[in-house]
1. Order the peptides 98-108, 420-430 from the highest to the lowest mean number of other Cβ atoms within 10 Å of their residues.
2. For a quick check, take a GNM of the chain with Cα springs below 10 Å and name the residue from Ala122, Ala221, Ala81 with the largest mean-square fluctuation.
3. Through the Karplus equation 6.51 cos²θ - 1.76 cosθ + 1.60, θ set to phi - 60°, convert the phi angles of the range 147-163 into ³J(HN,Hα) values in whole Hz; use x for Gly and Pro.
4. Using a 10 angstrom cutoff on alpha carbons, build the Gaussian network for the chain and name the most mobile of Ile354, Ile60, Ile43.
5. What residues qualify as long-range amide H neighbours of Ala280, i.e. H under 5 Å apart, gap of 5 or more or another chain, H built at 1.01 Å from N?
6. Could you give me the ³J(HN,Hα) list for the range 78-93, computed from phi with Karplus coefficients 6.51, -1.76, 1.60 and θ = phi - 60°, whole Hz, x at Gly and Pro?
7. Suppose only helical runs count, i.e. DSSP H with n ≥ 4. What mean residue ellipticity at 222 nm does that imply for the chain under -39500 (n - 2.57) per run, divided by all residues and rounded to the nearest 500 deg cm²/dmol?
8. Residues with beta-carbon under 10 Å from that of Tyr242, excluding Tyr242: net charge, scoring Lys, Arg +1 and Asp, Glu -1?
Amino acid sequence: MTPAAAEAGAEPTPTTTAPTTAPTAAPTGRATFAALRVRNFRIYATGQAFANTGVWVQNIALDWLTLELTHSPAAVGIAMALQFLPILLFGMHGGMIADRYPKRTILIVTQLCSASVAATLAVLTTTGHVTVGAIYALALVAGFVIALDNPTRQAFVGEVVPPQHLRNAVALNAAVFQSTRLVGPALSSVLIGTVGPGWAFAVNALLYVGPTITLSSMRTAELQPPAAVPRARGQLRSALRYVADRPHVGWTIALVGVFGTFGLNFPVVLTAMASDTFDAGAGLYGTFNVVLAVGSIAGALLAGARSHSRLRLILLLGAGFGVAQTLAALAPNLGSFVVALVVMGVTNLAFQAIANSSVQLWVDHEYRGRVMGLYALVFMGGTPIGGPVVGWVTEHVGVRAGMALCGTVPLVAAVAVAGVLALQPVLARRRAAAAALAG
């Protein structure tokens, strides 16, 4: 298939060593949960359910604790940005390590490191010694763990399930993550309101035992690891050239980067919407996260039921998310705001799951860790830029202005990419016609 066809939205043909897409039969309820027939994936997903519940418990508590200590949405944005700064600097290096070493071993180590960060936060907070500086420092440490964990985790799914189940496994992983969003924020709100945020951090540290055990108990003989990529010079540059030669991959990653930088600053805008716009506390912020999760689960399951996708669908979902978040910023009351949050959840997770699985299916095994490192870099590494910007707009211009910014930028980006792709066949025909006349 020509690059022009891929850019126009057709499903690109995988390269010779890349996994093929799943069969194009009509989606069914059985297809929606196909990856769960793989024992190792069931074990892996169970461990992720524990870890992700703890992540939501900690995220809610950390956002609210930062806001309580500083009374500044911008400070929440800075704390969030520091978690993702290492990805901006070392995201592709994390993917390179994932290509070189056993991914399951790397993930066990990152789980233990994350548990240590959570335990440190718990001790500092419960003893009354927590400061904004300590929060910032631990957020930065957690960021280095994420820089290694995220690309490794995304590439590891391709070892747990066969290629025909990869798209479904990515979507189900997202559904598990969002399902825990129904439990984690509620549990965090209860802990904050009764025993304090320090115990929320302690619960997160304890829950990391789950994925450590499940990763250790997987049947290694049933995993499908690619051959390790030997150390060599220029491996990061070669991965960038690899992406540049595949426009459908490059455009998808670029759009994902815009989303990560500006579209997904929920901790900044939702804490401020709860406290300033609707005059409520941590309970309403937790409820907002639950509402987002309801829509997100639906979006992830819809994505998992699809046997194939096109770049055109990714652009459409991206634009839909931008419209939904812009409407949420303009919502006149709590009821309409909640409805907009549900739509945001559906379009956001469908976009993320389809974009993630498509990129993995479009690339060769030996490049997957580095390409997913680049994916993580642009998706999460832009937060050090977008988080403080959105926080500043939220604090100095207004909460609704900050949230509108988070919606309009992805919307404009999706429309712009669609416009560029639509023009390319026209320009190609013009160039061909001019060449024919010149000849």
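1. By packing density, highest mean first, the sequence is 98-108, 420-430.
2. Of Ala122, Ala221, Ala81, the Gaussian network model singles out Ala221 as fluctuating most.
3. Listing the rounded values in order: 4, 8, 5, 5, x, 5, 4, 5, 6, 5, 4, x, 8, 7, 10, x, x Hz.
4. Ile43
5. Those qualifying (amide H under 5 Å, at least 5 residues apart or on another chain) are Ser275.
6. Each residue of the range 78-93 in turn: 5, 4, 5, 4, 5, 5, 10, 4, x, 5, 4, 8, 10, x, 6, 5 Hz.
7. Calculated from helices alone, the mean residue ellipticity at 222 nm is -27000 deg cm²/dmol.
8. So the surrounding residues net to +1.
Throughout, read-outs are computed from the coordinates displayed, never taken from laboratory work. Given the structure is predicted, the values throughout are model-derived calculations rather than measurements. All Cβ positions, even for glycine, are placed from backbone atoms using ideal geometry, and neighbour counts span all protein chains on display.
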